[in-house]
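What follows is a short report on a single structure.
The values are calculated or read from the model by the stated rules, or taken from the named source; none is laboratory data. Predicted model, so just to flag it, every value in this text is computed and none were measured. Reconstructed Cβ throughout: ideal geometry from the backbone, glycine too, with neighbour counts over all protein chains shown. What goes into the accessible areas is simple: the full protein's heavy atoms, side chains included, and nothing from ligands, DNA or RNA. Shrake-Rupley method; radii C 1.70, N 1.55, O 1.52, S 1.80 Å.
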Amino acid sequence: GQLPTWLQGILLRNGPGMHTIGDSKYNHWFDGLALLHSFTFKNGEVYYRSKYLRSDTYNCNIEANRIVVSEFGTMAYPDPCKNIFAKAFSYLSHTIPEFTDNCLINIMKAGDDFYATGETNFIRKINPQTLETLEKVDYNKYVAVNLATSHPHYDSAGNVLNMGTSIVDKGKTKYVLFKIPSSVPKQEKKKSCFKHLEVVCSIPSQSLLHPSYYHSFGLTENYIIFIEQPFRLDIVKMATAYIRGVNWASCLAYNKDDKTWFHFIDRKSKKEVSTKFYTDALVFFHHINAYEEDGHIIFDLIAYTDNSLYDMFYLKNLGKDFEENTKFTSIPTCKRFVVPLQYDKDAEVGSNLVRAASTATAVKEKDGNIYCQPEILCEGIELPRINYDYNGKKYKYVFATKVQWTPVPTQIAKFNTQTKEMLCWGEDHCWPSEPVFVPSPDAKEEDDGVVLTCVVKSDPKEAPFLLVLDAKTFTELGRATVNVEMHMDLHGMFIPEQVVKTETE
């Protein structure tokens, strides 16, 4: 096919790539050593490159020729010759273990630099053109967090907004929202933007020893949306996991009888909205988008009724009959919540406070809390992306992978949240990755542009390819076949040529 002439830049993606080191194997697919890969678009041609992230974790494991650094689903043990007791004592004195810098989930832009990110306090700077691994940044040096999401938001000025969990800091476990500025003052050019990181606000955890797990958060023009779900990390279990010989994943528990709390923080005053809003127990990883309309906050996310998704990706479950054997016990459901921030304070108990055009409800309870029920937009989509120019604004389109009954994506979907129509692209034996929308330079409408996805074939003898779809019609514009083994990746970003140029200068 043919690529649009304006498509110039780099699609940079990240995901787990190596699961066996020497005779040792990771237990979980999400534990594999990070493998970066990129597709560079230049004058209608595509160049492919891939490289393992040379993290400290990677270097230690390769040198030892076995797994020596623990990951979320795999607990590693030091060499018994190296006095295991000394190690165990140092573990006892650190409630929070030293986490891995195997940043395998996403790519983040901060200032003029790009970073590979995971969910720990470490991120790794990388060169987007050569995929070379550069310095390691520890968030903890700038803000008291032990975990941070790998789905940050970017505001119109290019500042990064992100969230992390501060575990047992002075006896208080809290969620911290922080901002990394896009540039530093001229006289400090040598300093990194992290030196100017500022804490926007913090939200105390409902439970001191059981902070909620979260993978992303939401943003509107005036509010930050944080959802405290009853899928929680048990800190006491975590502190003793090493001694008990279990992985950290076993320290996560879902309580289906609990509530899910919504927190809304005013971006200007940095104060939380005092009304308490909640919904039933759910587990979710990805926010899609959020916006404000007539005194309501409207936000869309992909939710599950249980926490089985993570368990499906244990490598023991990913055998050759994976597609047949691994079935969702809870299908991903795209839910829209409509939360009335401005409502009649004298409204009757039991009345629905939603005044927007939606079947979602928000019911006032005796104690003043407001119980929210969502509108179901669709089912069976994951890894959602939008035209990011519409982030925090009213929008129409979600680009996502389509998953039927198994967590491996078989199609790419474009879903219209207003008409509920869905367009799909799929081919037999094709497993596409998260679709990335790239707007055309003269875009007038939300879906003017292309959608990029890397497609792995389920038959290893068939070559993988990069697929370019017209975002409007979802017809194929072209594909670039890559004659190497390509890994299933997780997330990534498109870096336009002009941004890459300033990099190299």
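Give me the extension gain from D56 to K125: residue separation times 0.36 nm, minus the current Cα-Cα distance, reported in nm with one decimal. Intermediate values should be presented prior to the final figure.
Working: separation 69, 0.36 × 69 = 24.84 nm, distance 1.27 nm.
Extra length available between D56 and K125 comes to 23.6 nm.
Our coupling estimate for the range 4-19, obtained by passing each phi through the Karplus curve with A = 6.51, B = -1.76, C = 1.60 and θ = phi - 60°, is x, 5, 6, 6, 10, x, 10, 8, 10, 10, 9, x, x, x, 10, 10 Hz, Gly and Pro reported as x.
For the range 22-27, backbone phi angles converted through the Karplus equation (6.51, -1.76, 1.60; θ = phi - 60°) give residue-by-residue couplings of x, 8, 9, 10, 6, 7 Hz, Gly and Pro being listed as x. Estimated from helices alone, the mean residue ellipticity of the chain at 222 nm is -2500 deg cm²/dmol (sum of -39500 (n - 2.57) over DSSP H runs with n ≥ 4, per residue). Under the shape rule built on the C-alpha gyration tensor, where the axes satisfy a ≥ b ≥ c, the range 370-505 is oblate, since a/c reaches at least 1.5 while a/b does not exceed b/c. Summarising the amide proton neighbourhood of A76: residues at separation of 5 or more, or on other chains, whose placed amide H is nearer than 5 Å comprise S70, E71.
Students sometimes get this wrong: rank R479, R244, R355, R385 by accessible area, probe 1.4 Å, all chains present, largest first. Spell out each step's value before the answer.
Values: R479 90, R244 115, R355 180, R385 65 Å².
From most exposed to least exposed: R355, R244, R479, R385.
Between K393 and A347, the contour length at 0.36 nm per residue exceeds the Cα-Cα span by 13.7 nm. Put a dot 7 Å past the Cα of E132, heading toward its Cβ, do the same for L208, and the two dots end up 4.9 nm apart.
Near I105, once Lys and Arg are set to +1 and Asp and Glu to -1 for all other residues with Cβ below 10 Å from its Cβ, the sum equals -2. Amide H contacts of H28 (H built 1.01 Å from N, in plane; Pro and chain starts excluded): L315 sit under 5 Å, all sequence-distant by 5 or more or on other chains. Phi angles across the range 285-300 convert, under the Karplus curve 6.51 cos²θ - 1.76 cosθ + 1.60 with θ = phi - 60°, into 3J(HN,Hα) values of 10, 10, 6, 9, 6, 8, 7, 10, 8, 6, x, 10, 9, 10, 9, 10 Hz, Gly and Pro given as x.
Nonpolar atom fraction for the range 9-502, defined as the carbon and sulfur part of the 1.4 Å probe accessible area, stands at 51 percent.
Per residue, the solvent-accessible area of the chain (1.4 Å probe, heavy atoms of protein chains only, all protein chains present) comes to 44 Å².
Of the chain, which part is the longest with no chymotrypsin sites (Phe, Trp or Tyr not before Pro) in a loop (DSSP not H, G, I, E, B) and with at most 16 other C-beta atoms within 10 angstrom?
Details: sites that count: W6, W405.
Counting only loop sites that pass the neighbour cut-off, the longest clear stretch is 7-404.
In a fully extended conformation the segment linking T359 and S458 would gain 31.7 nm over its present Cα-Cα distance, using 0.36 nm per residue. Ordered by 1.4 Å accessible area with all protein chains kept, V246, V500 run largest first as V246, V500.
Amide hydrogen proximity for G158: with H placed 1.01 Å from N in the peptide plane, no residue at 5 or more positions away or on another chain lies under 5 Å.
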